[in-house]
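The structure appears right after this line, and notes come after that.
The values are calculated or read from the model by the stated rules, or taken from the named source; none is laboratory data. Please read all numbers here as calculations on a predicted model, not as lab measurements. Here the Cβ positions follow ideal geometry from the backbone for every residue, glycine too, while neighbour counts run over all protein chains shown. Protein only, heavy atoms only, side chains kept; ligands, DNA and RNA dropped before computing areas. Shrake-Rupley method; radii C 1.70, N 1.55, O 1.52, S 1.80 Å.
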Amino acid sequence: MSVDTPREAELVRLRDGSSVTIRAVSDHDEPALRSFLESLCLEARRLRFFSGAANIASAAHLAAAADAEHCGLIAHDEMGVLVGHATYVKLDETRAEVAVEVADHLYDRGLGTILIERLAIIAEQRGITHFVAEVLSENHAMLDVFREGFDGRVVRQAGSEKRVEFLTSSWRLARARFDMSTRREG
């Protein structure tokens, strides 16, 4: 496999049987990312950005970054509407901070897990061995994704925030667990 970010779109099936298309982000996606982030409910924005008053324009600009320090993936639904985004930002040669956003109506269908898994594959190929994520303590859904899907562990808690860390190689475990949960529900 190449260590470049995949340019081809990949059609993936969610837990409920619906499909999304995942592809690498580009700077041309900034307007769509801005619209997507603006469409998230206030609670989703607060949980993701730790504030309901986040600077969405700035967040969309950063989300569209694709360079040696940033890697992102976006997901489109069957109508071509952006419904998910995941990104990592390198912290050092072997660690990167990961973040994900999923459209409100697609919660609990596995899209966040799939995006993080695909991002972990790319990161692992690039020599990044660990992902870290800053998560609000009350964001149980995201903490569950990291713990149950990727065997993430809380390495630090400060006030209302938890830092979760997991190996990028755990994408294999996440894929196996997702496949098992899909078979059980199907």
(request) Could you give the size of the charge dipole of the chain about its Cα centre, using +1 on the Cβ of each K and R and -1 on the Cβ of each D and E, expressed in debye and rounded to the nearest 20? (result) 480 debye
(request) Provide, as a two-decimal number, the C-alpha radius of gyration of the chain over 2.2 N^0.38 Å, N being how many residues it has. (result) 0.95
(request) Using R₀ = 30 Å, calculate the FRET efficiency as 1/(1 + (r/R₀)^6) where r is the Cβ-Cβ separation of ALA158 and GLU10; round to 0.05. (result) 0.25
(request) In nm, give the distance between the simple-model label positions of GLU138 and LEU173, each being 7 Å from the Cα along the Cα-to-Cβ direction. (result) 2.9 nm
(request) Roll a 1.4 angstrom probe over the protein heavy atoms and tell me the percent of accessible area of the chain that is carbon or sulfur. (result) 52 percent
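Taking a probe of 1.4 Å, how large is the accessible area per residue of the chain, in Å²?
Numbers: 9350 Å² over 186 residues.
Per residue, the chain has an accessible area of 50 Å².
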(message) Per DSSP helix of 4 or more residues, -39500 (n - 2.57); summed, then divided by the residues of the chain. What does that give at 222 nm, rounded to the nearest 500?
(response) -9500 deg cm²/dmol
